[in-house]
Protein chains: 4
Amino acid sequence: MIVVIKNDSNPKQMDNLVKWIKNQGLRINLSKGENTTVMGLIGDTSKVDIDLLSSLDIVESVKRIQEPYKNANRKLHPEDTIIEVGGHKIGGSNFILMAGPCSVESEKQVITIAEAVKKAGASVLRGGAFKPRTSPYAFQGLRESGIDILVKAKKETGMPIVTEIMSEEYLDKFADVDIIQVGARNMQNFELLKALGRTRKPILLKRGLAATIEEWLMSAEYIMSEGNKEVILCERGIRTFEPYTRNTLDLSAIPLLKELTHLPVIVDPSHASGLSRLVAPLSLAAVGAGRDGLIIEVHNDPPHALCDGAQSLRPEQFADLVKRIEVILPLVGKEAIQK
Amino acid sequence: MIVVIKNDSNPKQMDNLVKWIKNQGLRINLSKGENTTVMGLIGDTSKVDIDLLSSLDIVESVKRIQEPYKNANRKLHPEDTIIEVGGHKIGGSNFILMAGPCSVESEKQVITIAEAVKKAGASVLRGGAFKPRTSPYAFQGLRESGIDILVKAKKETGMPIVTEIMSEEYLDKFADVDIIQVGARNMQNFELLKALGRTRKPILLKRGLAATIEEWLMSAEYIMSEGNKEVILCERGIRTFEPYTRNTLDLSAIPLLKELTHLPVIVDPSHASGLSRLVAPLSLAAVGAGRDGLIIEVHNDPPHALCDGAQSLRPEQFADLVKRIEVILPLVGKEAIQK
Amino acid sequence: MIVVIKNDSNPKQMDNLVKWIKNQGLRINLSKGENTTVMGLIGDTSKVDIDLLSSLDIVESVKRIQEPYKNANRKLHPEDTIIEVGGHKIGGSNFILMAGPCSVESEKQVITIAEAVKKAGASVLRGGAFKPRTSPYAFQGLRESGIDILVKAKKETGMPIVTEIMSEEYLDKFADVDIIQVGARNMQNFELLKALGRTRKPILLKRGLAATIEEWLMSAEYIMSEGNKEVILCERGIRTFEPYTRNTLDLSAIPLLKELTHLPVIVDPSHASGLSRLVAPLSLAAVGAGRDGLIIEVHNDPPHALCDGAQSLRPEQFADLVKRIEVILPLVGKEAIQK
Amino acid sequence: MIVVIKNDSNPKQMDNLVKWIKNQGLRINLSKGENTTVMGLIGDTSKVDIDLLSSLDIVESVKRIQEPYKNANRKLHPEDTIIEVGGHKIGGSNFILMAGPCSVESEKQVITIAEAVKKAGASVLRGGAFKPRTSPYAFQGLRESGIDILVKAKKETGMPIVTEIMSEEYLDKFADVDIIQVGARNMQNFELLKALGRTRKPILLKRGLAATIEEWLMSAEYIMSEGNKEVILCERGIRTFEPYTRNTLDLSAIPLLKELTHLPVIVDPSHASGLSRLVAPLSLAAVGAGRDGLIIEVHNDPPHALCDGAQSLRPEQFADLVKRIEVILPLVGKEAIQK
């Protein structure tokens, strides 16, 4: 950690600061330039309160050198984390496909889609039971009974399931869920993260709409610091000034994350775009960027002619996409899709 | 609601869409141009799923005309909402000052600051007991015992108290709290919002870092649609590309909100800037923009010489600021500060 | 164009507005709902001043239905524009690679790199002569003499050249340049765009750091409305809140642009990331997203051991990347690379 | 400047880097921690190419300590710059009002408005002759003849004039203009900035829509490094994700700029909002934030009933606003308005 001291700081304040830093078990490297004095703090600075330090009268600015995350940090854990779910591996040289309906509507719907996506190459079934909606007047999902339906589909098809939790209050409903998803809006719901850190289930942690990569990794750190080391990161688009696309899929983050963390990273091209016709190109783009899997919305043949679009692919479109993905995988150091 | 239909849509899809819209109790005004057909949907469109509609194959785009929020909407409730807390009025021509320490540290600290800010003109005491922190390794607040201290300070000074809740699980600890605050990171924690909507306490709803004004009002709507009509909005800075300031205080939103909603709006200049020396100018700016109050961090004389900055004002700086605010209030249609 | 009228508008103002609209040769479709009156404007609205309209006292909001761009609009020009440069085709089912050094340094450097990238599969040579730099103290490029060097390399290797112009004042220096590049910072330098519109050279128009897709297409429209129809769009990253990456490459925009415009679109993965090790994954991602080419920085073996990184690939890294690109092209409907 | 070296860097690369740094006349302070080695570069680092340095294989990250701007830097020039225009002072404890029509339409219009705003308290006349417009189909201003009209109004009323330049090609038309404005879109049109740096006229430099404060000051530096020290900065709103307001007026930047630079800073509340009814509250907010002046659009009584809104105030609204501003000035350390 680098602390830049103001020119006109008085020696007494400086002494106080030096004492405070040493009390935290840190060493100091002092460097005086013409206009500025720079302190290098040496040792474990992850607990230093950077906001407090920045606010001192004699401090001009503070810059972190060490990343504030430890459990999630590639430097301290060079090996890729590989997570096993229902016999499938996530992370490392493996590539995983999660697919399923946006919302759970009925047992028949879920099982029909599950069988179709399994046949096409997906190994984890996704489906929304608790649905976070901007409007209180919009459909909020089937909630508990949606989870019951997913569990039935799991028994029927053998596919492990992933679904979203919106409050730690409902944790006992997720006993048979294989991967618990934290949505973008709850990425900094710290009480929920801590509760999930005390479970022993893999957590799919979506990036918040306006979360920096560092904040995202710090949220993973919340889960990991409670003991649960199985976190899968999921990029799903960030909020920018662009109004034409619902979100901007941040694929620049993908190769960078590979350097920063050992955790698996997957991409959700369905929510990023909000338009089904953008899902295939963004999926291929995400595979080209070289990460560990995709989570894609697929729905079965629409019973009501209306719902023919949304952000979901039809099963046959999904199957065609999988074939193209398989060609790209060896180019980016990945083995065949985990089936 | 305006639905733009694609040029090449087939008549059968069009018929299906028309039927689906009419089933929702809406009327249709159809307008055919050279290149586009535009449908105007007339009636209560607040429950129409705009994402579903946008995703239809024959739909080019959907634009809302009516605001999706109702309880919070000025058009449907032209009169200012005025909320009473401990004999003080919030909203309308009233101006309120909330002040207190960033974190609750001890009974003595809180009471000392409370007395100082009360004397200077504040009428509500703020203080953080549960603290949302980006890092799991940072101090998380005194939590339950922090609330006990605030309640003691309330008894001692007669000031009503406002403090943040981070999970609906802790709601029973907030029985003696006068205003419950929802932090920026939880603005779309919908389970928490619904639980607060079932209480009968005023809610201070901070704007999320990347929340649009419409999303913010929809979060107020979550609370109000459960029966609790007492929501105070609090602007505290949004996330932009600018790295020099911690957040960008969005004062452009302030006069606009006056048109969109009847709810009171206050401003938090302390969190927006993160630097105590910016608090006074941003406070005066916020008062000039013409809204209903400020919530400001104030700390007492630092016992440890170090903590002499942060985003907090000293009591004497706060008192000086209040005097300047009082000069501006009549220029923006406000009465004297509620004391 | 949809004009939403306020509830309380008086009939005289309404009459004035109707007259003004009709004077512009437009027809009106009027639809009265309970709370709002909506006017649909039918006809060519591209010249209507939307800011003026929005600002009228009786107008609540204005929403465009028709895109304001015409020459660049896919709806009015369904066929892909294909641009020929030095015998190479850009657009349609063709895929083009432009490569070369960040800055032109010397004749030897440029020719060495040109030969290497040509051998690997690039068909257009890029190189910076006029360099826009944030700091006036940074190297501003070799300027005129840099262009002379590029022209020599063109003669030597037969490769057409692309380089950036920073002011219309220098246009005569670009007589032997095959494609003139407009940089991100000049995307809305309208005087420059108009001057380029009066040339008959293909223009490579980079997207501004904070330009919406619509503003970008309107800048293409500036060039095209002066008579020059040969515009190549180049996505190079947008500015977001994320500090870890220099810019966020907006690949979500790529498939969307295919729908909005018939112009070719290429991607610059070098400037987006600013880190050479991110160039390959972002290139493969961009190819997966399905567009018309890439422009990549390549430098020769560094004579000074220092410059071993930057955002440039070494020729052998570039050659390896090209081989992988060739595998992906048939998956996204592209023929072999234009060589 | 702080250079963080990677763990696994080899000694030869390190030697090369040290040599390269010393060749630039800088000293090095080396600090080895457990996981990282940190180099402090001491001396004038303003010419060091931070992008090049960042890109080196052995460098993990580079952080600037010294600001890259010098002429504009408060640290090197502690005294406020005060600029005199037509007998009026800009900067220091002075407060200036610039006002006038958005576009110059006719001699009569400009003179009528000029007289009205002068009477109300404005001392500089603004008016758009060359108009940058997103669309090539929109009105581009009266251009040269617009400047002639402004010059006539200057002779008639004695008010100095400020108007925008869009290309250095037109510089000779600006001989009688007192302050030359650079618009937001041209903030990084470096050729224009350099040309203006060679004039001896005050330059009003608007902040780019997505420009950081540092980039903005670096653009001022472009002008100043050519010899022209009279730069007035103008905040006019930045681009954020918020769609309800046209731009977000960044008042957080205002008190911060006072610390970073000695140059005068004014605020343009008209362009930030795009709505006349937001101009007054944003003006009062800007005055509260404590800077050096405002530039406001005012138009005379609309000859055509239509144009009754826009982002312009009517003269009587402007006069009322001025009276309220005068009450606030002494609270923020300013003298009466310069008239």
Practice prompt. Please work out which residue of chain C brings its Cβ closest to the axis of the rotation superposing C onto D, and round that distance to whole Å.
Written response: C:ALA210, 2
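Per residue, how much accessible surface does region D:90-140 expose to a 1.4 Å probe? Answer in Å², no decimals. Mind showing how you got there, number by number?
On the way: 1520 Å² over 51 residues.
That works out to 30 Å² per residue.
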Practice prompt. Would you kindly derive the ³J(HN,Hα) couplings of region C:321-335 from the backbone phi angles with the Karplus curve 6.51 cos²θ - 1.76 cosθ + 1.60 (θ = phi - 60°), listing them in order in whole Hz, with x for Gly and Pro?
Written response: 4, 4, 4, 6, 4, 4, 6, 6, 3, x, 6, 10, x, 10, 7
Worksheet item: What aspartates and glutamates sit close enough to B:LYS70 to cross-link, taking a C-alpha to C-alpha distance under 15 Å and skipping anything fewer than 8 places away on the same chain?
Response: B:ASP44, B:GLU79, B:ASP80, B:GLU214, B:GLU215, B:GLU221, B:GLU226, B:GLU230, B:GLU259, C:GLU34
Discussion item. Over 25 Å between Cα atoms: which of B:LYS258/D:LYS108; B:LYS118/B:LYS152; C:LYS118/D:LYS19; A:LYS119/A:LYS154; C:LYS131/D:LYS63; B:LYS131/B:LYS258 fall into that group?
Written reply: B:LYS258/D:LYS108; C:LYS118/D:LYS19; B:LYS131/B:LYS258
Worksheet, complete the sentence: Sorted by chain and number, the residues with a modelled amide H under 5 Å from that of B:LEU249, at a separation of 5 or more or across chains, are B:ILE238, D:SER252
Worksheet, complete the sentence: Note: B:5-16 gets an average of partner chain Cβ contacts (10 Å, Cβ to Cβ) equal to 1
Worksheet item: Any idea what the C:LEU76 label distances to the other copies are, label 7 Å down the Cα→Cβ vector, nm, shortest first?
Response: 4.1, 5.0, 5.9
Worksheet item: Counting partner chain Cβ atoms within 10 Å of every residue's Cβ in C:135-144, what's the average?
Response: 6
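Can you classify the protein assembly as shown as rounded, prolate or oblate using the Cα gyration tensor, where a ≥ b ≥ c are the square roots of its eigenvalues, rounded means a/c under 1.5, and otherwise it's prolate if a/b beats b/c and oblate if not?
On the way: a/c = 1.11, a/b = 1.03, b/c = 1.08.
Taking the square roots of the gyration eigenvalues as a ≥ b ≥ c, the protein assembly as shown is rounded.
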Discussion item. Mean-square fluctuation check for chain B, GNM, Cα pairs under 10 Å: which of B:GLY227, B:GLY183, B:GLY91 is largest?
Written reply: B:GLY227
Item to complete: Determine the shape class of region A:199-339: with a ≥ b ≥ c the square roots of the Cα gyration tensor eigenvalues, call it rounded for a/c under 1.5, and otherwise prolate if a/b is greater than b/c, oblate otherwise.
Response: prolate
Item to complete: Could you tell me what percent of the accessible area of the protein assembly as shown is made up of carbon and sulfur, with a 1.4 Å probe and every protein chain present?
Response: 48 percent
Worksheet item: How large is ³J(HN,Hα), in whole Hz, for each residue of region D:100-111 in order, when computed from phi with the Karplus curve 6.51 cos²θ - 1.76 cosθ + 1.60 and θ = phi - 60°, using x for Gly and Pro?
Response: x, x, 4, 10, 6, 10, 7, 4, 4, 4, 5, 5
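Would you mind telling me the antiparallel percentage of the DSSP bridges in chain D, rounded to 5?
On the way: 19 of 46 bridges.
Antiparallel bridges make up about 40 percent of those DSSP assigns within chain D.
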Fill in: Long-range amide H partners of A:THR261 with built H, under 5 Å
A:ARG74
Discussion item. How far, in nm to one decimal, is A:GLU144 from itself in the other copies if the label point is set 7 angstrom along Cα toward Cβ? Shortest first, please.
Written reply: 2.6, 8.1, 8.2
Worksheet, complete the sentence: Taking Cα pairs closer than 8 Å and at least 6 residues apart, the relative contact order of chain B in percent is 17 percent
Discussion item. Probe radius 1.4 Å, ligands and nucleic acids left out: can you give me the accessible area buried at the A-C interface, summed over both chains, in Å² to the nearest hundred?
Written reply: 3300 Å²
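Output the antiparallel fraction of DSSP beta bridges having both residues in region B:52-172, as a percent to the nearest 5. Before the final figure, lay out the partial values.
Values: 3 of 8 bridges.
Taking every DSSP beta bridge with both residues in region B:52-172, the antiparallel ones total about 40 percent.
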Worksheet item: Hey, in the GNM for chain C with a 10 angstrom Cα cutoff, which one of C:GLU221, C:GLU242, C:GLU79 fluctuates hardest?
Response: C:GLU242
Item to complete: Take the alpha carbon gyration tensor of chain A, find the square roots of its eigenvalues, order them as a ≥ b ≥ c, and report rounded if a/c is under 1.5; if not, report prolate when a/b exceeds b/c, else oblate.
Response: prolate
Worksheet, complete the sentence: Bridge orientation stat for the protein assembly as shown from DSSP, antiparallel percent rounded to 5, came to 40 percent
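Please compute, for peptide A:331-337, the average count of beta-carbon atoms on other protein chains lying within 10 Å of each residue's beta-carbon. If you can, show how the numbers build up before the last one.
Working: counts 8, 5, 0, 0, 0, 0, 0.
Rounded to a whole number, the mean comes out at 2.
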Worksheet item: GNM, chain B, Cα, under 10 Å: largest mean-square fluctuation among B:ILE28, B:ILE180, B:ILE266?
Response: B:ILE28
Discussion item. I need the phi-derived Karplus couplings for region B:15-20: 6.51 cos²θ - 1.76 cosθ + 1.60, θ = phi - 60°, integer Hz, Gly and Pro marked x.
Written reply: 4, 4, 5, 4, 4, 4
Response to the item:
For D:CYS234 the rounded accessible area (nearest 10 Å², probe 1.4 Å, non-protein molecules ignored) is 0 Å²
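The values are calculated or read from the model by the stated rules, or taken from the named source; none is laboratory data. Everything numeric in this text was worked out from a predicted model, so none of it was measured. Ideal geometry is used to build each Cβ from the backbone, glycine not excepted, and the neighbour counts take in all protein chains shown. The accessibility values were calculated without ligands, DNA or RNA, using every heavy atom of the protein model including side chains. Shrake-Rupley method; radii C 1.70, N 1.55, O 1.52, S 1.80 Å.
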